[in-house]
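The values are calculated or read from the model by the stated rules, or taken from the named source; none is laboratory data. What you see is a predicted model, and the numbers here were worked out from it, not measured in a lab. When we count neighbours, we look across all protein chains shown, and the Cβ atoms used for this are built from the backbone with ideal geometry, even at glycine. Side chains included, ligands, DNA and RNA excluded: accessible areas come from the protein's heavy atoms. Shrake-Rupley method; radii C 1.70, N 1.55, O 1.52, S 1.80 Å.
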Amino acid sequence: MKNLLAPRTLEFTVTRNEAARDAAEHADIIAEPGFGKHFTDHMVDICWSEWGGWHRPRVQPYGPIQLDPAAAVLHYAQEIFEGLKAYRWADGSIWSFRPEANAARLQRSAVRLALPELPTEYFIESLKQLIAVDARWVPSAPETSLYLRPFMFAKEAFLGVRPAKKVNYYVIASPAGPYFTGGVAPLSIWLSEDYARAGKGGTGAAKTGGNYASSLVAQQEAYDNGCAQVLFLDSQEGKWIEELGGMNVVLVKKDGTLVTPDSDSILEGITRDSVLQLAEDRGHKVERRKVSIEEWREGVANGDIAEVFACGTAAVITPIAQLKAKDFTVGDADAPAGELTMSLREELTDIQYGRRPDPHGWMTRLDA
């Protein structure tokens, strides 16, 4: 659904939260933020309608969203979201990693869910506006950040099956501690053979809540089998690797080649693409192609596959030590993290936190 009005400068109104957390409560939260447990004092809200385009942009106190019981999102799941982080550098400035890529992915998701496309300028401005009032919530301790969650959903009240004509876009934020409190450790993951994350022609390439809802029963199966994440196969043949419940997967061959599954039902990972770019910068060959579960099994057995890792915004890069299935196991749960895996993780996080040069211009300052 295209915007009816060309992008124009949005003039945000700001309403301060009179019940903002005091210094003591704020300090307690920042000291142990966890992940997704606490939220900042404000949020962004921008309206869209078929007849008025994007309008009424505002920063307002964080709080409940009022919905009509007939709101389309509650009945037809017309909803999309994004996830990215704000990082506080050593000099106190606040930066985000490739927000224009998140904006572009939100637009692709919007097209698939028949929602309006939010212009990139509006997306990035919404982040800056929230940071302008909630900058104190960006922590400064090592490996901490402010997790930003932009999302959009159909707000029009009706029960006919059609794209909604009224939509709202919001941004909320949550201070986040280190994803791995005890340090980065290799994970065991579970192979789902009974459930598919998405099908051909479905919404797999869009970042929409329904994809995550459909993964939860398989994720619970993973927990029940002592695994931290679930790996999905394609829904057609049940032999091609897709992705994890919330992260992309990459195989590293013994010759240094990085291989990642390619499918039109996989969410294009910004972290994944960035990691692969860094690997190419080092001279590594990168292959984006179909990868079968048998290739993984055989590659580990004969030594052709030396490392496996998952990657995504929250954890950046997570080493995978073992893949478990009903009838077989690949790898060793006690295997150490791969050398290349950890080296790429260090390079990427150093760029994000301003500890080394940013050769691709990926960082965008949010507090200026």
Given the options Ser292, Ser343, Ser235, state which has the largest fluctuation in a GNM of the chain using a 10 Å cut-off (strictly under) for Cα springs. Ser343
Give the lysines whose C-alpha is closer than 22 Å to that of Lys166, dropping any in the same chain fewer than 8 places away, or say none. Lys2, Lys155, Lys207
Would you calculate the separation in nanometres between label points at Ala135 and Asn225, each defined as 7 Å from the Cα along the Cα-to-beta-carbon direction? 4.9 nm
Would you mind computing, in nm to one decimal, how far apart the modelled labels at Thr9 and His75 are, each placed 7 Å from Cα along Cα→Cβ? 4.1 nm
With the cut-off at 1.5 for a/c, could you classify the range 160-289 from its C-alpha gyration tensor as rounded, prolate or oblate? rounded
Test of understanding: what is the full-extension gain from Asp327 to Thr257, defined as 0.36 nm times their sequence separation minus their Cα-Cα distance? 22.3 nm
Anyone know which of Asp224, Asp273, Asp91 comes out most mobile in the 10 Å Cα GNM of the chain? Asp91
Which residues in the range 301-328 place their backbone N less than 20 Å from a point set 7 Å from the Cα of His360 along the Cα-to-Cβ direction? 308-319
Which whole-number value in Å² is the accessible area per residue of the chain, probe 1.4 Å? 44 Å²
Everything considered on the Cα gyration tensor (a ≥ b ≥ c; rounded for a/c under 1.5, else prolate if a/b is larger than b/c, else oblate), the range 234-341 must be described as rounded
Please compute the net charge surrounding Pro61, taking Lys and Arg as +1 and Asp and Glu as -1 over other residues with Cβ under 10 Å from its Cβ. -1
Fraction of antiparallel bridges per DSSP, the range 148-239 only, in percent to nearest 5: 70 percent
With equal scatterers on the alpha carbons only and no solvent term, can you work out the Debye log10 of I(q)/I(0) for the range 89-154 at 0.15, 0.28, 0.29 1/Å? -0.55, -1.29, -1.34
Can you pull the three principal axis extents for the Cα set of the range 224-282, in Å, largest first? 38, 28, 23
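Classify the range 1-77 from the C-alpha gyration tensor, please: rounded if a/c falls under 1.5, else prolate or oblate depending on whether a/b exceeds b/c.
Prolate is the answer for the range 1-77, as a/c is 1.5 or above and a/b outweighs b/c.
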Which net charge results for the neighbourhood of Phe12, defined as the other residues with beta-carbon distances under 9 angstrom from its beta-carbon, given Lys and Arg at +1 and Asp and Glu at -1? -1
³J(HN,Hα), Karplus 6.51/-1.76/1.60, whole Hz, each residue of the range 141-147, x for Gly, Pro: 5, x, 6, 9, 6, 10, 7
Please report, as a whole percent, how much of the solvent-accessible surface of the range 245-305 comes from carbon and sulfur atoms (probe radius 1.4 Å). 40 percent
Say the cut-off is 19 Å between C-alpha atoms; which of Lys239/Lys285; Lys200/Lys239; Lys37/Lys128; Lys37/Lys85 go over it? Lys239/Lys285; Lys37/Lys128
Highest-fluctuation residue, Glu18, Glu117, Glu268 considered, GNM on the chain with Cα pairs under 10 Å: Glu18
